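**Student:** Handing you a structure now.
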Amino acid sequence: QVQLVESGGGLVQAGDSLRLSCAASGRTFSSKHMGWFRQAPGKEREFVAAITRTGGSADYADSARGRFTISRDNAKNTVYLQMNSLKPEDTAVYYCAASTGMIYRWSSRYDIDYWGQGTQVTVSS
């Protein structure tokens, strides 16, 4: 099993930046595609960003493209989400995800093999 632990969330003002980290246990990190999802109160969990096993390709939700950057360091078993120009609508619990299969913009929670417990991001106006 793979265990994922997110960190880096917090309370910020609109326009600020945050960097989320997801640390993975085990020795299988490099074999997993990684992603970030978010869930706001009363809403479904939605795709934010994904990155391939080697980090050679990434994809983003339309709401994140241009503002967020996903990256990974396989030597550290860690995936990151750099979030710039944060908006109040970015407020949500952010979850790290790992999957044997590719993670796409249309991926649902049922396509994911492992989840972290989430980290809260709150953006005030």
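The values are calculated or read from the model by the stated rules, or taken from the named source; none is laboratory data. A quick note: this is a predicted structure, and the numbers were derived from the prediction, not measured. Cβ: placed from backbone, ideal geometry, glycine included. Neighbour counts: every protein chain shown. What goes into the accessible areas is simple: the full protein's heavy atoms, side chains included, and nothing from ligands, DNA or RNA. Shrake-Rupley method; radii C 1.70, N 1.55, O 1.52, S 1.80 Å.
**Student:** Compare the peptides 85-93, 59-67 by average per-residue count of other Cβ atoms within 10 angstrom and give them in order, highest first.
**Tutor:** Descending mean neighbour count gives 85-93, 59-67.
**Student:** In whole angstrom, note down how far apart the Cα centers of segment 96-125 and segment 1-49 are.
**Tutor:** 6
**Student:** Expected output is a single nm value to one decimal: the length gained when fully extending between Tyr104 and Gln120, i.e. 0.36 nm times separation in residues minus the C-alpha distance. What is it?
**Tutor:** Full extension from Tyr104 to Gln120 adds 3.5 nm.
**Student:** Rg/Rh for the chain: what does it come to with C-alpha atoms and Rh from Kirkwood?
**Tutor:** 0.94
**Student:** Dipole magnitude of the chain about its Cα centre, charges +1 at Lys/Arg Cβ and -1 at Asp/Glu Cβ only, in debye to the nearest 20?
**Tutor:** It works out to roughly 240 debye.
**Student:** Taking only protein heavy atoms and a 1.4 Å probe, what accessible area per residue, in Å², does segment 1-70 have with all protein chains in place?
**Tutor:** That works out to 53 Å² for each residue.
**Student:** Could I ask something else about it? Under 28 Å Cα to Cα from Lys32, which lysines show up? Leave out anything in the same chain fewer than 8 places away.
**Tutor:** Lys43, Lys76
**Student:** Another question, then. With all protein chains present, how much of the accessible area of the chain (probe radius 1.4 Å) comes from carbon and sulfur, to the nearest whole percent?
**Tutor:** Solvent-exposed carbon and sulfur of the chain make up 45 percent of the total.
**Student:** Once the Cβ-Cβ distance between Arg67 and Gln39 is put in as r, and R0 is 25 Å, what FRET efficiency do you end up with, to the nearest 0.05?
**Tutor:** Calculated value: 0.85.
**Student:** Could you pull the Rg and Dmax for segment 1-50, using just the Cα atoms, both in Å?
**Tutor:** 13.3, 38
**Student:** Taking +1 at the Cβ of each Lys and Arg and -1 at the Cβ of each Asp and Glu, which of Ile70, Asn84, Ala40 sits farthest along the dipole of segment 6-93 towards its positive end, judged by Cα position relative to the Cα centre?
**Tutor:** Farthest towards the positive pole: Ile70.
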